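**Student:** Sharing a structure, written as structure tokens. Questions coming.
The values are calculated or read from the model by the stated rules, or taken from the named source; none is laboratory data. Bear in mind the structure is a predicted one, so any value in this text is a computation, not a measurement. Glycine also receives a Cβ, built like all others from the backbone with ideal geometry; neighbour counts cover every protein chain displayed. Side chains included, ligands, DNA and RNA excluded: accessible areas come from the protein's heavy atoms. Shrake-Rupley method; radii C 1.70, N 1.55, O 1.52, S 1.80 Å.
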Amino acid sequence: MIYVNEPLLNGNEKKYLCECIDTKWISSEGPFVKKLEEGLAAFTGRKYGVAVSNGSVALDIAIATLKLKPGSEVIMPAFTIISCASAILRAGCIPVLVDCHPDEWNMTPEGVKNAITKKTAAIMVVHIYGLPVDMDPILNIAKERNLKIIEDAAEQLGQTYKNRPCGKMGNLSTLSFYPNKHITTGEGGMILTDDHELAERSKALRNLCFGKKRFVHEELGWNGRMSNLQAAVGVAQLEKINNTLKRKRSIGGYYSEKLKTFQEFQIPFSKTDFAENIYWVFGVVLRSMETRDASWAIEKLKNRGIECRPFFLPMHQQPIFKKMGLFKSQRFPNAERIGKYGFYLPSGVALTKNQQRKVVNELINIVIGRE
Ligand SMILES: *Cc1c(COP(=O)(O)O)cnc(C)c1O
């Protein structure tokens, strides 16, 4: 089987893990946590990093850190992971959806502008798959209207927007270290900011809001702490990130080259005015296939030993939100189309050229039927 993502743990991961065991520093109090926080803050040009247990909790804590007024609106993309919407809802706020660009798959500045109301308090920007959101117009609107920005950079650590690092552009930015992300800790995440007060508040929320006096709490937080074991792996991963990013771009470049001549596939732009694709994953959208949607292709590829993943199901089509009566009769045609016809190919850094060749051949065989 060619897996959709196989991570590489071939640096100092084992050495640092053994260090944790030898020193018995395994909890969040251990030294690797701080090392990872400082390393990632430096890598993204930030003042503060707050390591947490995963990227979803990073979003929960980031939103809670901002103390948005309950009932206020937070603009977010329709095409993203559920964690974005659930963080907004759990903070007592209302997610307001924006459709994605048909080719770049990110939320657009025009969409954001049109979604603003008197109740808007914040914008949650999410960089999807490989290209960053067009940030400048969104940052300008936010400044004009005094809106907060939460930047979900989980998929694009190492990417830049007009040479500015992703993870640096929100009041708070978040990362995930799930095994398919650019660095992994097994499970893990981080909040990044330049604001001392926000960093301190995130840290408190991460740690159950312990007061000055232990076991006395003025507010409810989470146990969102990262263990030293996880951070040890993360520190080793961060040492190799430039290689990882190079591999990602090479994998994406190969798929691009082999698939670009086929009308049947919509593939990602290799670059835009403000960035070169980092190919966190390589997405393919089937064009005018009608009943042959992504799940059809995924099933066929699976039978040939290739594991792919469907694109996100847009938020307004999620059963849970239908049950909750959210986003009723709203339509986001671009998100709906790519949600139905889009899937991504094996894109992990352990992928070999031979495996990639097989993926491309089988995909062409299946969709175009050259066999
Ligand atoms: C992976 C991801 C998350 C969630 O991260 P977890 O660590 O899996 O909880 C959040 N947002 C985006 C855009 C992601 O890709």
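**Student:** What is the set of long-range amide H partners of V52 at a cut-off below 5 Å, with H atoms built 1.01 Å from backbone N?
**Tutor:** Amide H to amide H, under 5 Å and 5 or more residues apart or across chains, V52 pairs with G189, M190, I191.
**Student:** At 222 nm, what value in deg cm²/dmol follows for the chain if DSSP H runs of at least 4 each add -39500 (n - 2.57) and the sum is divided by all its residues, to the nearest 500?
**Tutor:** It lands at -12000 deg cm²/dmol.
**Student:** Another one. Spelling out what I want: for every residue of segment 116-131, take phi, set θ = phi - 60°, compute 6.51 cos²θ - 1.76 cosθ + 1.60 (Karplus), and round to whole Hz; glycine and proline get x.
**Tutor:** 6, 10, 5, 8, 5, 10, 7, 10, 9, 9, 10, 7, 9, 6, x, 10
**Student:** Still on this structure, please answer the following. Starting from a Cα-only point model with no solvent, please compute log10 I(q)/I(0) by Debye for segment 200-280 at q = 0.25 1/Å.
**Tutor:** For segment 200-280 at q = 0.25 Å⁻¹, log10 I(q)/I(0) is -1.11.
**Student:** Bins of 10 Å, beginning at zero and ending with the bin holding the largest distance: percent of Cα pairs per bin for the chain, please.
**Tutor:** Reading upward from the zero bin: 5, 24, 32, 25, 11, 2, 0, 0.
**Student:** Which ³J(HN,Hα) values in Hz, rounded to whole numbers, follow from the phi angles of segment 263-270 under the Karplus curve 6.51 cos²θ - 1.76 cosθ + 1.60, where θ = phi - 60° and Gly and Pro get x?
**Tutor:** 4, 5, 10, 8, 10, x, 4, 6
**Student:** What percent do you get for the relative contact order of the chain when only Cα pairs under 8 Å and 6+ apart count?
**Tutor:** 23 percent
**Student:** Short version: ³J(HN,Hα) in whole Hz for each residue of segment 92-104, in order, from phi by Karplus 6.51 cos²θ - 1.76 cosθ + 1.60 (θ = phi - 60°), x for Gly and Pro, what are they?
**Tutor:** With the stated coefficients, segment 92-104 comes to x, 9, 10, x, 10, 8, 10, 6, 9, 5, x, 10, 8 Hz.
**Student:** Can you give me the long-range amide H partners of F311? Hydrogens built in the peptide plane at 1.01 Å from N, cutoff under 5 Å, separation of 5 or more residues or another chain.
**Tutor:** G342, F343, Y344
**Student:** Over all directions, how big on average is the projection of the convex hull of the alpha-carbon atoms in segment 1-79, in square nanometres?
**Tutor:** Working: hull surface 36.7 nm².
Orientation-averaged projected area of the Cα hull: 9.2 nm².
**Student:** Give the residue list of trypsin sites (Lys or Arg not before Pro) in segment 121-230 that are DSSP loop and have at most 12 other beta-carbon atoms within 10 angstrom.
**Tutor:** Sites meeting the loop and neighbour criteria: K162, K212, K213, R214.
**Student:** What does the accessible area per residue of the chain come to in Å², with a 1.4 Å probe and no ligands, DNA or RNA counted?
**Tutor:** That works out to 46 Å² for each residue.
**Student:** How much of the calculated P(r) for segment 117-214 lies past 15 Å, in percent of all Cα pairs?
**Tutor:** Considering segment 117-214, 65 percent of its Cα-Cα pairs are separated by more than 15 Å.
**Student:** Express the carbon and sulfur contribution to the solvent-accessible surface of the chain as a percent, rounded to the nearest whole number, probe 1.4 angstrom.
**Tutor:** 50 percent
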